[in-house]
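Here's the structure we're looking at; comments come further down.
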Amino acid sequence: MDFSFIVMQFLSGLMMATLLFLVASGLTLIFGVGNVFNFAHGSFYMIGAYLAYQTVSVWHTNFWLSVLVASLGAGVLGMLAEALFLRRIYGRADEGGFQILLTYSFILVIDDLVKLIWGTEYKSLARPSGFTGTVELFGLSIPAYNLAIIGIGIVVVIVAWFVLARTRSGRIARAAALDREMLGSLGINVPFTMTLVFGIATAMGGFAGALAAPLRSVSPGAGIEVIIDSLIVVVIGGMGNFWGAWLGALILGEVNSFAVATVPDWASLFNYLVMVLTLIFKPEGLFASRKIRRV
Amino acid sequence: MNQSSGAREIILLGLFLLVFGSVPFIKQSDYHLMLANHVLIWGMFAVAFNMLFGVTGMLSFGQALYYGLGAYSVGLVVKNYGSAMFLPALGLGLVLTIVISILVGLLVIRLSGVYFTVLTLAFGQLAWQITFRWYRFTGGDDGIQGIMPSGLLENHTVYYYFTLALVVVSIWFLWRVANSPMGLVLRCIRQNPERVRFLGRRVRRNQLRIYVISSFFAALAGGLMAGVTNSIHPDMFYWTSSGEVILMAVLGGIGQFFGPFIGATVIIVIQDVVGARTEYWSLIIGIIMMIMVLGMPKGLVGEIRGLMARYAAGKVNRG
Amino acid sequence: MSRHKFFYVIALALIVALSCPLSVFAQEKVIKIGALYPMTGRAGLYGLDSVDAAEMAIEEINSKGGVNGYKLELTNTDSKAKPDYSVMVAKRYITQDKMHFLFGVVSSAVGLAVTEVSKQYKKIFIGTDHASTQLTTDKFQPYYFRVSNNTFQSMAAGALYLKELQQVKPWQTIAYIGPDYAYGHDQWEELRYNLDRFGVKYKAVGEYWPKLFAPDYTPFITSIINDKPDILVSGFWGGDTVAFIKQAQPYGLFKKTLYFHPDAGGNYELMSAMGTELPEGLVLSARHHNNWPDTALNKEYVEKFFKRTGRYPTYAAEGAYAGIYAIAEAVKKVGNPDDTEALVKALEGLKIQLPEDPEGFTSYIDPATHQVVQVQAIGVTKPNDKYPPAKMMLGDWKIYKAEDLLPPKDYADRQKKK
């Protein structure tokens, strides 16, 4: 393995990691702030991808505009889902189980709605103009779009961290994660905050779906395929922690990338192995945002 | 879950046996027998799962691990040593399950809440990936076909009664556990683990016990299922199998001992009826689930009981 | 409150289940075909195309008066691509709905499970679109017939193509990438077996196994580029092919290495999904092509399908179309759809003219293996917008004779020993 190959493989891992992170970031946000495990997060990712396809390939507009449309569309749908359905089960005994079931029912419904609207054919989206070529970096040629994605991932993690840690809205969001009742008595509209945060989280899913669309095939069932990997990322990083999700994604991306290059036969096992090992030795994830109630 | 008098239990048991015992006589085809078999096996799986979730408050998303383990023990042994080994293979699967569930259980019970859920999911998925990937040994994604029980059990009706007997014994056993002092401790653990610990009860040991018991019956369900469908597939380890059993339990009512059994019955029948009539089954099942979760938080059985209780109370009040 | 009331619910549910026979009580004589195609998820498109093509064939036959006074009738249940559920539906088809034929199936795993039911109940199962060679070799049973090529045939044609290529443009190294499940592994094994059989000298420099439906291939791509193979053989299907090509193209992989995808690569869905993004010069094949052979039958089939559905068919459609005609031919020979043993005899060696047959060739079912024997054509992607939304189609065809693609006699025994 020569040095330039190691660099190349590292960049491939980084690329994979960024896409994983972009999908997982919304999942970790809604978990960290809302204590909601949104099993249907992948479905919002899929909606984002389809909305991007619709905007670019059918309405023939600019790709970056489609990213915006996809994020807004997924966000609005997410807010509706929260306000109409999820809100009703907060505080119920065994809320966790009901959250999984309710969001699982979203997956089933969204899958069929997407099929009704767009059919079962595979859709594809071209890379945006200006990002179709390659960039020469350290004597390696890297696709420009891949570099753009990696850059966007870094921006997202920094912005998210800044908003949560340094702004008033971020403080409210973090407070909501700890004690919703207390926040309510301080005059904050807690239900609205929850809806908004849920919307932002699903918008991040849609954002990821739109950005990934030019690299993947847009097809029904795409949501379910990304959710397990995103879950692994979130769990490794510590639920609700942005830096954790980014690091978790980075670990998975790089482990995968070098497993492919060295032990391709067993590469597919590594994701689960990494997750099981992390949970055994550091059950709360690498960056736990709060202490786990242990029994 | 109130304590019941012996007489009521006997009536219950009699009804249960009557309904399921008569299936081979009133069925129109082999298919109905298979459907009833699925109901029995999933019903038992769901009741056993609920000992973990509904009773003790441990939401495992990885019971498919044991369901698959039971099925693959039977499948692999029968494939390699012939169908005469069907029953020993079923036993082997159960023994393996006890060993593995103790080992995995020791790791997972250290966590609670959603962390427990996710770790069980991780183990289940790891088992799925290994089964899927270990092509030479497990047959990989192709699964294993032609798993026939031997001797008398080869007959579908005999096999059905064999399943019925095992399911009745299992459910009776679980009922006894739920209503034993241990069951009481488990329910307390669900409500307040700290207090249980102060009272000198060992929380972890009881959690491990119930995890092993629940897993044991999941494996029995898997092993029995291998004899019903005659072919098995790594999907049995996949998280969707774990999800299905959760769905059955919640739908039927996790606060009721028999709720999950009803849930399993309803889900299997709905899947079959809806699946046969429309390709948009996932939309319809999704909407049914949504309605159930939002409108019937206590599950089918819990809600019906609540309605009846209110009706009875109303009658008393209004004279 | 007495608990036994809840057992009424069980009883009620069971009664509902038991009193729901699905069969349509038609007065006229009907040949009932029970299909199990997936209608959801990644393989949903194949299911949809198959059902449409089968319905199309049935209308053609019924409008001409049916077969021996029998009308054909197709019922499809979404298999959800789940083997255990499919087994249950297959049992319902046979014992409850009294279907005459089991039909369809996209996933090989479902195919293997359903063939077991077919064997148990002695009902004919017509396989239209699953590729696993096992079904007609070591898992062969007398009531199973397959009317589309299996992976062995595709790989034999692929090996012959590579052999010819070596004489024109000497290549030495080969790498493989395919989904990490039976289908992906079988193709690579069968290709190597056939390369050895035809005496091709080569060096394998890499094997890659991304999981099925993996979203990201970047690490695989950079690793393949590092291996510098002359030929990259691919065993993907569907959306995975699309994603892989899209991700590999900007790395310039297809300029350095010949992309060779002889089983499912040439499926029309790839051309229709990728449009102008599909690179030129990829070597692909599939079990049916919309623009080959240039026969009246194929043109008519493709046009009719397009008129009916508004889209051009994937290869799955032609398999289902062929399956219906095979059933019709067999019933015509026997006179009724009830005598299973006679139908088996009729299907063995059955000759049937299909859209994918070039001039002067007729597909037939090999009596020994129950596998249809067909010509295989391998082509190269070239600009062609006659089948929109595709902008590229295959061309520069190389044709491989059906008989050269069959597994040798000892192949089934060899597989069983493993």
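Does residue B:210 satisfy the condition of being within 14 Å of chain A (Cβ to nearest Cβ) and at pLDDT 95 or above?
Here the answer is yes, as residue B:210 does meet what is asked.
Tell me which helices (runs of 4 or more DSSP H) are completely within region C:119-230 and hold 1 or more residues being more than 14 Å from chain A (Cβ to nearest Cβ), or say none if there are none.
Output list reads C:151-168, C:182-197.
Conditions (1) facing another protein chain (nearest Cβ under 9 Å); (2) assigned to a helix (DSSP H, G or I), marked per residue:
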{"residue": "C:40", "(1), (2)": "yes, no"}
{"residue": "C:47", "(1), (2)": "yes, yes"}
{"residue": "C:53", "(1), (2)": "no, yes"}
{"residue": "C:61", "(1), (2)": "no, yes"}
{"residue": "C:65", "(1), (2)": "no, no"}
{"residue": "C:71", "(1), (2)": "no, no"}
{"residue": "C:74", "(1), (2)": "no, no"}
{"residue": "C:78", "(1), (2)": "yes, no"}
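Residue-by-condition table, conditions (1) away from chain A (no Cβ under 14 Å); (2) surrounded by fewer than 24 Cβ atoms within 10 Å (Cβ to Cβ); (3) of a type in the set (A, V, I, L, M, F, W, C):
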site	(1), (2), (3)
C:267	no, no, no
C:279	no, yes, no
C:288	yes, no, no
C:295	yes, yes, no
C:299	yes, yes, no
C:307	yes, yes, no
C:314	no, no, no
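Search region C:47-93 for residues being under 30 Å from residue B:71 (Cα atoms) and without any contact (Cβ under 8 Å) to a residue 12 or more places away in the chain, and hand back the single one that is nearest to the chain's Cα centre (by Cα).
Among residues in region C:47-93 that are under 30 Å from residue B:71 (Cα atoms) and without any contact (Cβ under 8 Å) to a residue 12 or more places away in the chain, the one nearest to the chain's Cα centre (by Cα) is C:85.
When the residues of region A:182-191 are filtered to those that are assigned to a helix (DSSP H, G or I) and free of Cβ contacts under 8 Å to residues at least 60 places away in the same chain, which remaining residue is surrounded by the fewest Cβ atoms within 10 Å (Cβ to Cβ)?
A:185
I'd like the residue in region C:349-382 that is touching a residue at least 24 places away in the same chain (Cβ under 8 Å) and charged (D, E, K, R) and, out of all such residues, is surrounded by the most Cβ atoms within 10 Å (Cβ to Cβ).
C:356
Of the numbered conditions (1) outside the structural domain of residue C:121 (by TED's automatic domain parsing); (2) surrounded by 15 or more Cβ atoms within 10 Å (Cβ to Cβ), residue C:413 satisfies every one except a single condition; which is it?
Single failed check for residue C:413: (2).
Would you point out the residue of region A:260-295, among those that are within 20 Å of residue A:15 (Cβ to Cβ) and within 13 Å of chain B (Cβ to nearest Cβ), that is modelled with the highest pLDDT?
Taking the candidates together, the pick is A:274.
State which residue is nearest to the chain's Cα centre (by Cα) when the search covers only region A:47-63 and only residues that are in contact (Cβ under 8 Å) with a residue 24 or more places away in the chain, in a helix (DSSP H, G or I) and more than 23 Å from residue A:109 (Cα to Cα).
Per the criteria, the residue is A:63.
Residue A:179: over 29 Å from residue C:218 (Cβ atoms) and crowded, with 16+ Cβ neighbours inside 10 Å, yes or no?
When the stated conditions are applied, residue A:179 does not pass them.
Is there any pair linking a residue in region C:254-283 that is in the same structural domain as residue C:192 (by TED's automatic domain parsing) to one that is of a type in the set (Asp, Glu), with Cβ under 8 Å and at least six apart or on different chains, and which?
What qualifies is C:257/C:230; C:258/C:230; C:269/A:121; C:272/A:121; C:273/A:121.
Here is a check on your reading of the model: is residue A:81 more than 18 Å from residue B:114 (Cβ to Cβ), more than 7 Å from every other protein chain (Cβ to nearest Cβ) and either crowded, with 17+ Cβ neighbours inside 10 Å or of a type in the set (Gly, Ala, Ser) (or both)?
So residue A:81 fits the description; yes.
Does residue B:221 meet the test of being more than 11 Å from chain C (Cβ to nearest Cβ) and of a type outside the set (Phe, Trp, Tyr)?
So residue B:221 fits the description; yes.
Are any residues in region B:127-168 among the hydroxyl-bearing types (Ser, Thr, Tyr), touching a Phe, Trp or Tyr at 6+ places or on another chain (Cβ under 8 Å) and under 22 Å from residue B:65 (Cα atoms), and if so, which ones?
B:131, B:138
Could you list, in sequence order, the residues of region A:117-168 that are among the aromatic types (Phe, Trp, Tyr), in contact (Cβ under 8 Å) with a residue 24 or more places away in the chain and closer than 27 Å to residue A:244 by Cα?
A:145, A:161
If you scan region A:216-226, which residues turn out to be part of a helix (DSSP H, G or I) and crowded, with 24+ Cβ neighbours inside 10 Å?
Matches in region A:216-226: A:222, A:223, A:226.
List every residue pair whose Cβ atoms lie under 7 Å apart, where the two residues are 6 or more positions apart in sequence or sit on different chains, the first residue falls within region C:317-334 and is farther than 12 Å from residue C:33 by Cβ, and the second residue, located anywhere, is of a type in the set (Phe, Trp, Tyr) and part of a helix (DSSP H, G or I).
C:317/C:305; C:321/C:301
If a residue must be touching a residue at least 12 places away in the same chain (Cβ under 8 Å), among the β-branched types (Val, Ile, Thr) and over 23 Å from residue B:107 (Cα atoms), how many such residues does region B:19-72 contain?
4
Limited to region A:113-167, what total is found for residues that are farther than 30 Å from residue C:270 by Cα and assigned to a loop (DSSP other than H, G, I, E, B)?
Selection size over region A:113-167: 3.
Have a look at C:104, C:127, C:111, C:44 and point out the one that is free of Cβ contacts under 8 Å to residues at least 12 places away in the same chain, buried (at least 20 other Cβ atoms within 10 Å of the Cβ) and within 18 Å of the chain's Cα centre (by Cα).
So the residue among C:104, C:127, C:111, C:44 that is free of Cβ contacts under 8 Å to residues at least 12 places away in the same chain, buried (at least 20 other Cβ atoms within 10 Å of the Cβ) and within 18 Å of the chain's Cα centre (by Cα) is C:44.
Let's see how each residue does on (1) within 15 Å of residue A:226 (Cβ to Cβ); (2) modelled with pLDDT of 95 or more; (3) in contact with a helix residue (DSSP H, G or I) (Cβ under 7 Å, 6 or more places away or on another chain); (4) part of a helix (DSSP H, G or I):
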{"site": "A:4", "(1), (2), (3), (4)": "no, no, no, yes"}
{"site": "A:20", "(1), (2), (3), (4)": "yes, no, yes, yes"}
{"site": "A:27", "(1), (2), (3), (4)": "yes, no, yes, yes"}
{"site": "A:45", "(1), (2), (3), (4)": "yes, yes, yes, yes"}
{"site": "A:65", "(1), (2), (3), (4)": "no, yes, yes, yes"}
{"site": "A:74", "(1), (2), (3), (4)": "yes, yes, yes, yes"}
{"site": "A:88", "(1), (2), (3), (4)": "no, no, yes, yes"}
{"site": "A:102", "(1), (2), (3), (4)": "no, no, yes, yes"}
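For region B:14-25: of the residues being within 7 Å of another protein chain (Cβ to nearest Cβ) and more than 18 Å from residue B:224 (Cβ to Cβ), which is surrounded by the fewest Cβ atoms within 10 Å (Cβ to Cβ)?
B:15
The values are calculated or read from the model by the stated rules, or taken from the named source; none is laboratory data. Keep in mind the model is a prediction, meaning the values are calculated, not measured. So basically every Cβ, Gly included, is an ideal-geometry build from the backbone, and we count neighbours across all protein chains shown.
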